[in-house]
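To start, I am sharing the structure in question, which I have written as structure tokens.
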Amino acid sequence: MKKIIFFLVLLIQSNAFCQNEKSETEEQKNTSELSFTEIETIPAFNGCDNKNKNEAIKSCFNQKIAEHIAKHFKYPNKAIRKEIQGKVLVSFVISKTGEITNVKAANKTHPILEAEAIRIIKLLPRMTPGKQKGEPVNVAYTIPINFKLQ
């Protein structure tokens, strides 16, 4: 029987794949997204928002997201049978209200793996939103989830 091993690779600030959308109109300003590398106060999981510095919050964020993925990860049976492996980059937005929105696979791997990665991220809890100049903002984030059989 094959052992299933998956690797969670969490990106820290310097490796985030987030992009900033520059806005020109007031409506676009309200929907634009900042990345973790540009934001003054990053979004935080419950329990992480009592930290004093962005680095401590970021470390806590990475730990909590790794725990969340490990808790909810299920290698799809169909992918096991077909020996499908790959890395899914999942992008999402932590909204001004702290909700997880716009979850999608940012790269093309395999639909079965993409669906599982998206399912896991959609289960993330509401967070304390990120702030820029004291105001809540949308924050874009991308994380890889590796599926590997061994």
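The values are calculated or read from the model by the stated rules, or taken from the named source; none is laboratory data. As the structure is a computational prediction, the values presented were derived from the model and not from experiment. No Cβ is skipped: glycine too gets one built from the backbone with ideal geometry, and neighbour counts run over all protein chains shown.
Could you tell me which of the residues ALA79, ALA70, ALA140, ALA56 is within 27 Å of THR41 (Cα to Cα), in contact (Cβ under 8 Å) with a residue 60 or more places away in the chain and assigned to a helix (DSSP H, G or I)?
ALA70
When only residues in the range 117-137 that are within 14 Å of the chain's Cα centre (by Cα) and in a loop (DSSP other than H, G, I, E, B) count, which is surrounded by the fewest Cβ atoms within 10 Å (Cβ to Cβ)?
Filtering the range 117-137 for residues that are within 14 Å of the chain's Cα centre (by Cα) and in a loop (DSSP other than H, G, I, E, B), the one surrounded by the fewest Cβ atoms within 10 Å (Cβ to Cβ) comes out as PRO125.
Still on this model: Give the residues of the range 102-137 that are of a type in the set (Lys, Arg) and without any contact (Cβ under 8 Å) to a residue 60 or more places away in the chain, sorted by residue number.
Matches in the range 102-137: LYS104, LYS108, ARG119, LYS122, ARG126.
Related question: Quick test for you: out of VAL88, VAL103, pick the one residue that is surrounded by 20 or more Cβ atoms within 10 Å (Cβ to Cβ), at pLDDT 95 or above and either in a helix (DSSP H, G or I) or not acidic (Asp, Glu) (or both).
VAL88
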